[in-house]
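The next block holds one structure in the form of structure tokens; read it before the comments.
The values are calculated or read from the model by the stated rules, or taken from the named source; none is laboratory data. In this text the structure is predicted, and so the values were computed from the model without any measurement. Here the Cβ positions follow ideal geometry from the backbone for every residue, glycine too, while neighbour counts run over all protein chains shown. Only protein heavy atoms, including side chains, enter the accessible area calculation; ligands, DNA and RNA are left aside. Shrake-Rupley method; radii C 1.70, N 1.55, O 1.52, S 1.80 Å.
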Amino acid sequence: NAEYMGKRKKTNAEKHPKKMLLSYVRLLSFAVLYIVAILNAAVVYGKDPNTYTNPVDPVSDMGDPSVLADPNGVDFYLISSSLNRPDRYTIRHSTDLVNWEVKGAVFPDGSPQMPSWPVKDFWAAEMHFINGKYIVYYPARDNTSLHCLGAAYSTSPLGPYTDLGRPLLRDVSVGLIDPHHFWDPVSKKHLLYFKGDYNAKVPPQQSIIWVQELAEDGLSLVGERTPVLHSEWSKLISEQFIVEAPWMIYENNMYYLFYSTPGVNLPIYSVHAARSSSPFGPFEKAPHALLHTRGWPINPRFWGPGHCSVVRVRAQDGEERLYIFASSWEAWKISLKDYPRLLVIDRVQFDDQGWPTVDNGNNCPSETLRLAPLAPLSPSSEGVVGIDQTVFTYL
């Protein structure tokens with residue numbers, strides 16, 4: 001044995017002990033990084049209440065989301081297009097704007113609350129709190145196949161809702177969709193914005209967004225409507241006769257009208273903004289989209305984000321923030337049967353020119369970890385480091 005040991009060649013470990021030690025250190029480092037990555041993934045998938053990733057719900061259809069911040073300061077409610085599903089306008093509830101639970105429907109199938117005048121195509125609706133009542137404004141086709149605007153009210157956000165029993169607004173010359181209520185903090189008036197669906201005519205015409213004053217109770221209209229925004233011939237390729245889905249906010253002494261274009265079933269469907277010193281216009285359109293498909297057609301995740309709500313929230317640390325809630329298709333699944341439009345949310349801020357931007361100017365639905373809307377800017381979660389106030393990474 002001694003003779004054999006004397007003739008045996010030395011192993012690499014014996015020849016180069018320092019190199020082997022370095023290899024072991026590297027292997028150990030990779031193992032630690034792998035474990036950290038696994039822990040990070042656990043946080044991404046909802047374990048950390050201070051963060052979220054889009055889509056906030058990977059399976060539920062939440063097309064055309066309307067988000068209401070309840071006056072109690074704790075609860076949030078979301079309704080979305082029901083199209084022709086038996087339950088009209090599913091109601092979802094959340095206390096953090098990320099996790100949503102189904103609580104019922106505005107018009108449950110077979111219930112006495114189901115109105116008699118609408119027949120089909122229950123498209124984008126909104127829920128608002130007006131003078132002690134929760135009011136849902138919605139579009140639907142009547143028995144002549146004309147899209148009209150309806151309204152239903154309740155003393156509870158979960159219902160039961162009582163419909164007016166007739167359209168709130170009907171125009172024999174054009175279908176009306178996408179109703180949006182806005183309370184003007186300057187004039188103290190309730191306003192209703194809505195779309196004249198002229199692009200659905202044959203041949204298509206330029207669509208129009210109108211505004212008309214509502215009575216104090218929010219259940220009847222006052223005066224005449226005023227056009228505030230329309231599609232433009234100069235933007236025929238990008239707008240394709242369509243401006244729709246209005247949502248208004250008042251910020252920095254300006255009125256910002258968010259709208260979507262061109263068509264919901266297109267990858268280039270996107271959210272835009274226009275601004276004015278008056279809620280009745282004239283409105284100046286922003287030079288760029290506020291929320292659009294990133295790098296279409298090679299975008300890895302979201303196509304056609306649009307039809308948004310923009311909601312002011314107060315975080316746990318007292319900071320007020322604006323968040324956009326929109327629906328988006330997953331890439332390559334756009335308009336396919338049984339594939340949902342998913343809820344995506346991101347923070348809205350303003351650039352040096354006074355225009356709103358999303359996700360620190362990326363203006364696309366975020367695809368990585370973000371600060372939850374109500375989370376403090378300095379999260380208590382161990383290992384979370386803030387970047388630009390909204391983007392987070394894990395060490």
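I want the local charge near Pro204. Using Cβ-Cβ distances under 12 Å, sum +1 for each Lys or Arg and -1 for each Asp or Glu among the other residues. So the surrounding residues net to -1.
Among the listed pairs Lys120/Lys195; Lys133/Lys195; Lys103/Lys189; Lys133/Lys189, those whose Cα-Cα separation exceeds 26 Å are Lys103/Lys189. Loop-located chymotrypsin sites (Phe, Trp or Tyr not before Pro) in the range 85-179 (DSSP state not H, G, I, E or B) with no more than 12 neighbouring Cβ atoms inside 10 Å do not occur. The mean of 1/r over all pairs of different alpha-carbon atoms in the range 284-359, once inverted, gives a Kirkwood hydrodynamic radius of 13.9 Å. Gain on full extension, evaluated as 0.36 nm per residue between Tyr250 and Ser187 minus their Cα-Cα distance, stands at 21.5 nm. Here the simple spin-label model places points 7 Å from the Cα toward Cβ, and for Val74 and Leu158 these points are separated by 1.3 nm. Semi-axes of the equivalent ellipsoid of the range 255-326 are 24, 19, 9 Å, computed as sqrt(5λ) over the eigenvalues of the C-alpha gyration tensor in descending order. Tally Lys and Arg at +1 and Asp and Glu at -1 over the other residues with C-beta under 15 Å from the C-beta of Leu221: what net charge comes out? Local net charge: -1. Label-to-label distance for Leu377 and Asn362 is 2.0 nm, based on points extended 7 Å past Cα in the beta-carbon direction.
Taking amide H positions as modeled 1.01 Å from N, with prolines and chain starts lacking one, the residues under 5 Å from Val243 and 5 or more places away or on another chain are Ser207, Ser231.
Applying the Karplus relation 6.51 cos²θ - 1.76 cosθ + 1.60 with θ = phi - 60° to the range 211-217 yields 3J(HN,Hα) values of 9, 8, 6, 9, 5, 4, 7 Hz, where x marks Gly and Pro.
Viscosity 1.306 mPa s, temperature 10 °C: what is the translational diffusion coefficient of the range 222-359 from Stokes-Einstein with a Kirkwood Rh over Cα pairs, rounded to a whole number of µm²/s? Rounded, D is 100 µm²/s. Here the Karplus relation 6.51 cos²θ - 1.76 cosθ + 1.60, evaluated at θ = phi - 60°, turns the backbone of the range 200-209 into coupling constants of 7, 6, 10, x, x, 10, 5, 6, 9, 9 Hz, with x for every Gly and Pro.
Which whole-number percentage describes the relative contact order of the range 145-267, with Cα contacts under 8 Å and a sequence gap of 6 or more? Contact order relative to length: 18 percent. Rolling a 1.4 angstrom probe over the protein heavy atoms with all chains in place gives the range 207-250 an accessible area of 45 Å² per residue. Counting only Cα atoms, the range 124-181 measures 34, 19, 16 Å along its principal axes, largest extent leading.
Once the Cβ-Cβ distance of Ala200 and Asn143 is raised to the sixth power relative to R0 = 22 Å, the FRET efficiency obtained is 0.75. If the segment from Phe350 to Glu101 were pulled out straight at 0.36 nm per residue, it would be longer than the present Cα-Cα gap by 86.5 nm.
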